[in-house]
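*Asks:* Take a look at the following structure, please.
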Amino acid sequence: MKTGLEENSNEFAGQEKADPMQNERLNSGKRPAPAYRFGQMLLTGTAALLLTLSLAACGQSQSVAAPEPTETETQTAEQAPAEAADTTEAVEAASQTVYPLTLTDATGTEVTFDAAPAKIVSLAPSETETLFALGLDEQIVGVSDNDDYPDAAKSKPKMGGFELNTEAIAAAQPDIVFVADVTDDATVESLRGLGLSVFKFNPDTLEDVIDDIATYGEITDRQEEAKDVTDKMRADMEKVRTAAASIDEADRKTVYLEFSPGWTVGKGEFMDELISASGAINAAEATTGWSEVDAEAVIQADPDVILYSQLSVDPKTIKDRSGWAAIAAVENDQLFAIDDNLVSRPGPRLSEGLIEVFNAIYPDALQ
Amino acid sequence: MIRRLGGYGGAGVLLLLLSLIFTLRIGSVELPAGRIFSILMHELPGIGKWFPRIWDAGEAQIVLKVRLPRIVLAALVGAALAVAGAAFQGVLRNPLADPFTLGVSSGSSLGAALIIFFGLRTALLGQWTLPLTAFVTGALTLAIVLALARDRGKLPIYGLLLAGVVMQSFLGAIVTFLSALSDRPVNEILFWTMGSLNLRGWSYSLVLLPYVLIGGMFLWANAGAMNLFALGERRAGQLGLNTERTKMTVLLVATLVTAAAVSVSGVIGFVGLIVPHMIRLIAGPDYRLLVPLSALGGALFLMWADTLARSLLGGTEIPLGVITAFAGAPFFALLLQRSKRGKGGYGSWTG
């Protein structure tokens, strides 16, 4: 069982279907919304089993555009980033981290770094993607069971998923453990109790994600690499922002999201921000976090486009719902699959998610 | 008897219609009563033309394809569970018997879950596959529970409850495990453990209707026999009743009705417990009244429970089983207390 979970996450990918949101949450590193906690209360007993089993349920994705550093790229990037040449001065000024460095993490704890960490454990897919994007392949000594991108992450030692393998983490003797929102503060404290240095990130917006990547660059003394990543993300966002601004108020589309069967996403989630950044309106904008589909509200909102999870949602189940045939998106067959991992992980690929979402909503609007 | 049935039954039907009108108005989208009325009337042949379209297509969809089918389905599921509960209580002479406490609901949900997880929803028997598989697993569960509980030919209340609880948690664990492993599009686990009627159109009601109608009629036809059971099995036998055969057929039909309900709604507890006891308080212990009135009462009860489930927290659904458990668990405790003291005639039910 264990090896199955570790080696082939795809086998269990459909788990998401049976299970409203855990995977999405594990993917994104976000903590469950209140509505979901209510459900969890009912199922405390079963939840533990479910969650353990669902850990591996992160899909694979083959995105090409991400700045995925190979070993050789990493080395050249360390010496002189050719792409950043036009902003040489600014880069030079920001390129060197001075240790000891003290930063406050999302738990409000001050963490001091005496040197660039040589051994890193990352406990969420988003954090792992960021570390790899900064070329820290060799420094990573452990990742979570869900981490599947880039490919190199799959062969790293696993440190557990929702239920962490504390022994493995301690045995890896990391200089720093990076965690996301999915690791709750109590768990962070217990890890710290083992004498581990833990740094938690908990971004709420796209802008936060970019700031956090810059912070990663500072902590690991990879500021130039971080700037390359954030510059690309900003460029992507700017492209979408410009295109979105040119869309007439009257032409703005309403979008319904379904990223777990029977569940939609409202305010406070990255997916909602991607919709508004694309110049569209989320059909569930009146709700917060994840909530079960309210058929009446969706029919009334009459969305023009439906975006659904590539991994877990069968569009036929949406089209076949009683009374949904009259929805514009269903009538005009405007249902599009979106790569879950691009839009739910607050990491370096989030801006690609934004472009994918924008292109689905307004095809051909992007130059 | 007939006059009393007419009186209570008429009142029940009236309440049901009034509830339909009220619950149709409740939903996350605000719709004026007049418009709902016009939308409904527009659908009727003949007089439909008197009600010209003044609403948009979405509003008609909400009323006709979202709200109305859900309310009707709630009524059918409620009727099914309550009738089954009354029948279980009748032939087992146990006041705490109901599809949920006996583990029949959990057994049926396991069967339904198996069928869905393995993608066999319409294999072999078409739309009958799901309810019939649920029936088989429900009946097996009942057989195991009864075998576990039987003590020297009798079915003591506590033994039955314990056996039911054990089977419930065991089967629930299997369902949870299956849905954890599954890679097929199934409803979330909460549906099977706590029940829901969300996103269910007319097709579900059509599947359930024959079971409720035919099964309900059969159980009603056996109401006289259930009255004899109340005298004790030996006495009933002396009065010329083939007790074993009657008990078996009634248990099987009640299980079938339960299974059909569970396969469209998931496990919804306590309906078959609360409703028949309420009816007993109002109309007395005569099963010839109790069975049909339980159907009406169950329909009413679940209609309102589901309306609360979908409206209490605004747009956020509460699992239907949560609502019925809030009402049912304290009620169950009360009945347990009463049966312990042997009050109200229930004590003699221990057999």
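*Asks:* Specify the inter-centroid distance of the stretch B:220-258 and the stretch B:288-336, based on alpha-carbon positions, in whole Å.
*Replies:* 27 Å
*Asks:* When only C-alpha pairs under 8 Å and at least 6 residues apart count, what is the relative contact order of the stretch A:254-324, in percent?
*Replies:* On the way: 107 pairs, mean separation 29.1, N = 71.
With pairs under 8 Å counted, the relative contact order is 41 percent.
*Asks:* Another question, then. If packing is taken as the mean number of other Cβ atoms within 10 Å per residue, what is the order of B:214-223, A:100-109, highest first?
*Replies:* On the way: B:214-223: 19.4, A:100-109: 13.0.
Ranking, from highest mean packing down: B:214-223, A:100-109.
*Asks:* If you don't mind, another one. Can you give the FRET efficiency to the nearest 0.05 for B:L312 and B:L17, using r as the Cβ-Cβ distance and R₀ = 35 Å? Mind showing how you got there, number by number?
*Replies:* Details: r = 23 Å, r/R0 = 0.67.
With R0 = 35 Å, the Cβ-Cβ based efficiency is 0.90.
*Asks:* Ok, one more. About the Cα centre, and with charges only on the beta carbon of Lys, Arg (+1) and Asp, Glu (-1), how big is the dipole of chain B? Nearest 20 debye, please.
*Replies:* Working: 27 positive and 13 negative charges, 198 e Å.
In total the dipole reaches around 940 debye.
*Asks:* When the Cα centres of the stretch B:1-75 and the stretch A:177-242 are compared, how far apart do they sit, in Å?
*Replies:* Going from one Cα centre to the other spans 54 Å.
*Asks:* Can you give me the span-like helices of chain B, meaning DSSP H runs with 15 Å or more of Cα extent along the axis and Kyte-Doolittle mean at or above -0.5? Don't jump to the answer; show the numbers that get you there.
*Replies:* On the way: long enough: B:2-25 (34 Å, 1.25); B:33-43 (16 Å, 0.63); B:68-92 (36 Å, 1.87); B:104-117 (19 Å, 1.66); B:129-149 (30 Å, 2.03); B:157-181 (36 Å, 1.96); B:243-265 (32 Å, 1.07); B:271-283 (18 Å, 1.81); B:287-311 (36 Å, 0.93); B:320-341 (32 Å, 0.87).
Length and hydropathy pass: B:2-25, B:33-43, B:68-92, B:104-117, B:129-149, B:157-181, B:243-265, B:271-283, B:287-311, B:320-341.
*Asks:* For A:S276 and A:A152, what is the calculated FRET efficiency with R₀ set at 35 Å and r taken between the beta-carbons, to the nearest 0.05? Write out the running numbers ahead of the final one.
*Replies:* Details: r = 34 Å, r/R0 = 0.97.
E between A:S276 and A:A152, to the nearest 0.05, is 0.55.
*Asks:* In peptide A:282-290, how many Cβ atoms from other protein chains are near each Cβ within 10 Å, on average? Kindly include the intermediate steps, with their values, before the conclusion.
*Replies:* Values: counts 0, 0, 1, 0, 3, 3, 1, 1, 1.
The mean count of partner-chain Cβ atoms within 10 Å per residue comes to 1.
*Asks:* Per residue of B:52-61, count partner chain C-beta atoms within 10 Å of its C-beta, then hand back the mean as an integer.
*Replies:* On the way: counts 0, 0, 0, 0, 3, 7, 10, 4, 3, 11.
Across the residues of B:52-61, the mean count of other-chain Cβ atoms within 10 Å is 4.
*Asks:* Pick out, from B:S38, B:P156, B:I318, the residue whose Cα sits farthest towards the positive end of the charge dipole of the stretch B:29-341, with +1 on the Cβ of Lys and Arg and -1 on the Cβ of Asp and Glu.
*Replies:* Ranked along the dipole, the leading option is B:P156.
*Asks:* Take every Cα pair under 8 Å in chain B that's 6+ residues apart, average their separations, divide by the length, and report that relative contact order as a whole percent. Each step should come with its number before you reach the end.
*Replies:* Values: 555 pairs, mean separation 103.9, N = 351.
So the answer I get is 30 percent.
*Asks:* Once the convex hull of the alpha carbons of the stretch A:102-193 is built, what does its volume come to per residue, in cubic angstrom?
*Replies:* Values: hull volume 8.6 nm³, N = 92.
For the stretch A:102-193, the hull spanned by Cα atoms encloses 94 Å³ per residue.
*Asks:* Calculate the all-directions average of the projected area of the stretch A:166-205's alpha-carbon convex hull, and give it in nm². Each step should come with its number before you reach the end.
*Replies:* Details: hull surface 11.3 nm².
Average of the hull's projected areas for the stretch A:166-205 equals 2.8 nm².
*Asks:* Among B:A84, B:G201, B:T246, whose Cα projects farthest towards the positive end of the dipole of the stretch B:29-341, with charges put on the beta-carbon of Lys, Arg (+1) and Asp, Glu (-1)?
*Replies:* B:T246
*Asks:* Quick one: Cα centre-to-centre distance for the stretch A:295-367 and the stretch A:106-171, in angstrom?
*Replies:* Here the two parts' Cα centres lie 32 Å apart.
*Asks:* Taking every residue in B:261-270, how many Cβ atoms of other protein chains lie within 10 Å of its Cβ, on average? Could the numbers behind the result be given before it?
*Replies:* Numbers: counts 0, 0, 0, 0, 0, 0, 0, 0, 0, 0.
For peptide B:261-270, the averaged partner shielding equals 0.
*Asks:* Hey, what did the stretch A:117-179 get for relative contact order, percent, Cα under 8 Å, at least 6 apart? Could the numbers behind the result be given before it?
*Replies:* Numbers: 102 pairs, mean separation 27.9, N = 63.
In percent, rounded to a whole number, it is 44.
*Asks:* For the stretch B:29-341, just run the numbers: alpha carbon Rg, then divide by 2.2 N^0.38 Å, N being how many residues it has.
*Replies:* On the way: Rg = 20.2 Å, N = 313, 2.2 N^0.38 = 19.5 Å.
Rounded to two decimals, the normalised Rg is 1.03.
*Asks:* Starting from the stretch A:257-311, pick out the GluC sites (Glu not before Pro) whose DSSP state is loop and whose Cβ has at most 15 other Cβ atoms within 10 Å. Show your work: numbers first, answer last.
*Replies:* Details: sites: A:E258, A:E269, A:E273, A:E285, A:E292, A:E296; in loops: A:E269, A:E285.
The qualifying sites are A:E285.
*Asks:* Another question, if that's okay. Among B:247-253, A:210-216, how do they line up by average Cβ neighbours within 10 Å per residue, starting with the highest?
*Replies:* Numbers: B:247-253: 18.6, A:210-216: 20.6.
The peptides rank, most packed first, as A:210-216, B:247-253.
*Asks:* State log₁₀ I(q)/I(0) for the stretch A:126-257 at q = 0.14, 0.15, 0.21 Å⁻¹ as given by the Debye formula over alpha-carbon point scatterers of equal weight, solvent excluded.
*Replies:* Taking Cα atoms of the stretch A:126-257 as identical point scatterers yields -0.72, -0.80, -1.29.
*Asks:* Turning to a different aspect of this structure: Which value in deg cm²/dmol, rounded to the nearest 500, describes the helix-derived mean residue ellipticity at 222 nm for chain B, given -39,500 (n - 2.57) per DSSP H run of n ≥ 4 and division by the residue count?
*Replies:* Details: 16 runs with 242 residues, N = 351.
Estimated from H runs of four or more residues: -22500 deg cm²/dmol.
*Asks:* Another question, then. Which trypsin sites (Lys or Arg not before Pro) from the stretch A:179-275 combine a DSSP loop assignment with at most 16 other Cβ atoms within 10 Å?
*Replies:* Working: sites: A:R192, A:K200, A:R222, A:K227, A:K232, A:R234, A:K239, A:R241, A:R252, A:K253, A:K267; in loops: A:R222, A:R252, A:K253.
Counting only loop positions with at most 16 other Cβ atoms within 10 Å, the trypsin sites (Lys or Arg not before Pro) in the stretch A:179-275 are A:R252.
Coordinate-derived values only; no laboratory data. Model, not experiment: these values are computed from the prediction. Glycine also receives a Cβ, built like all others from the backbone with ideal geometry; neighbour counts cover every protein chain displayed.
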